[in-house]
Amino acid sequence: MRSSEAFIEKRLAERKLAGSYRMLKPENSLIDFCSNDYLGFARSSELKNKIDAEVNALQLALNGSTGSRLLSGNLQYTENLEREIATLHNSAAGLLFNSGYDANIGLFSCIAQRGDTIITDELIHASIIDGARLSHANRYTFKHNDLDSLEAKLKQAKRNCYVAIESVYSMDGDTPPLLDILYITEKYGAALIVDEAHAIGLYKKGLINDLGIENRIFARLITFGKALGCHGAIVLGSDALRHYLINFARSFIYTTAASVHQIASIKMAYQMLQLSDEIIEALNNNIVLFKERISNASALLKSDSAIQCLLLNDNKRARKAALYLQDKGLDVRAILSPTVPAGTERLRICLHAYNTVDEIDLLTKTINELINA
């Protein structure tokens, strides 16, 4: 018991030295340049009213789903929504998961077998790393967005090979050379899996749909907790993939299904997304405005997405800069090592459709003060 407590204290001390996160109070009133609520759906009273009306119209008495979907937790309403979402994204089928983390854990832990190969970009999301670790497959990483590095790993691949990338990277905000990566994976007979978590909203249906390559992608992950403002995720792919996940994805099989309220929230968020061209345009305009008003663009990581990063290369500098912005009323957070590799510590700035010109002016003015200090 004492040794276990000592281990916990030691690990906490290490994390404190590295600069751990502390949750801000829920009543935080700073201007939001931190959340993933890119289109403002999470704070939308219109969406809330739509969800309430939908739940009331269903007249389902249960607050919770009562069990896993393989037992008592499945609904025709849920299966109908899966088909609707799959059709919207031009996919044959889809399977809902309770979160994006659950979806990636479930997919990657079961799809590759012993002797198969999983190749991931070195900056891939932790949920994919964890899912791949739970498989018995050979695992490789390639240098971020580096086609030569990817091809070198593909030459080492054995048996069935799966390549995993993000269409917009969560920490850098950049987009890979997706068509080139697709060409190389097809050349070597590998299956490409794309996490679209941060692309939805920036691109209405995601980058894969925007490029028109839906039929060439083995699987896609769409999450609902970012631009769609609710919670959950769906894996899109073939009908065979959907049935395979139902039977082998442990994070689907061994968990209580999402509540009716959560499923209704996803459905209503998708309805709003189809009517959100002006909101999406406002988001993209704010991204352009932000980049135009930064005095030294080279201080930012290259990104055309809602995620913009100012490299500070040190935990102490990053924490100090975040506190400086917060003192100005701006909710910007430092991303510290070991969350990102040592030497790449940064401020991660998230832009939104609802940020005003005055708010972006204040943000860029304050960042320019930091850059020029």
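Contact map, the stretch 281-292: residues that are in contact (Cβ under 8 Å) with a residue 40 or more places away in the chain paired with residues that are open to solvent by 70 Å² or more (accessible area, probe 1.4 Å) and not in a helix (DSSP H, G or I), Cβ distance under 9 Å, separation 6+ or inter-chain. Pairs shown: Asn284/Asp304; Ile287/Asp304. Filter the stretch 298-310 down to residues that are open to solvent by 10 Å² or more (accessible area, probe 1.4 Å) and within 22 Å of Ile31 (Cβ to Cβ), then give me how many there are. Here the count works out to 3.
Looking only at the stretch 326-373, count how many residues are of a type in the set (A, V, I, L, M) and free of Cβ contacts under 8 Å to residues at least 60 places away in the same chain.
Keep residues of the stretch 326-373 that are of a type in the set (A, V, I, L, M), which gives 330, 332, 334-336, 340, 342, 347, 349, 351, 353, 357, 360, 362-363, 367, 370-371, 373.
Right, trim to free of Cβ contacts under 8 Å to residues at least 60 places away in the same chain and you get 342, 347, 373.
Of the residues in that region, 3 qualify.
In the stretch 169-188 there is at least one residue matching the filter, namely being crowded, with 24+ Cβ neighbours inside 10 Å and assigned to a helix (DSSP H, G or I). Yes or no: the stretch 344-357 includes at least one residue that is open to solvent by 60 Å² or more (accessible area, probe 1.4 Å), of a type in the set (A, V, I, L, M) and at pLDDT below 95. No: the stretch 344-357 contains no residue that is open to solvent by 60 Å² or more (accessible area, probe 1.4 Å), of a type in the set (A, V, I, L, M) and at pLDDT below 95.
Can we say Ile335 is hydrophobic (A, V, I, L, M, F, W, C) and either modelled with pLDDT of 95 or more or over 18 Å from the mean Cα position of the chain (by Cα) (or both)?
Spelling it out, it is not the case that Ile335 is hydrophobic (A, V, I, L, M, F, W, C) and either modelled with pLDDT of 95 or more or over 18 Å from the mean Cα position of the chain (by Cα) (or both).
Whenever a residue of the stretch 169-182 is without any contact (Cβ under 8 Å) to a residue 60 or more places away in the chain, its partners that are among the β-branched types (Val, Ile, Thr), lying with C-beta atoms within less than 6 angstrom and at least six residues away or across chains, give the pairs Pro176/Ile165. Flag set for Tyr162, criterion: over 28 Å from Asp37 (Cα atoms), in contact (Cβ under 8 Å) with a residue 24 or more places away in the chain and open to solvent by 20 Å² or more (accessible area, probe 1.4 Å). Of all residues in the stretch 143-154, those satisfying the criterion of being part of a loop (DSSP other than H, G, I, E, B) and not acidic (Asp, Glu) are Lys143, His144, Asn145. Put simply, of Thr185, Thr223 the only residue that is of a type in the set (Ser, Thr, Tyr) and within 26 Å of Tyr354 (Cα to Cα) is Thr223.
The values are calculated or read from the model by the stated rules, or taken from the named source; none is laboratory data. Everything quoted here is computed from the prediction, not taken from an experiment. Ideal geometry is used to build each Cβ from the backbone, glycine not excepted, and the neighbour counts take in all protein chains shown. To get the accessible areas, we keep the full protein, side chains included, count just its heavy atoms, and leave off ligands, DNA and RNA. Shrake-Rupley method; radii C 1.70, N 1.55, O 1.52, S 1.80 Å.
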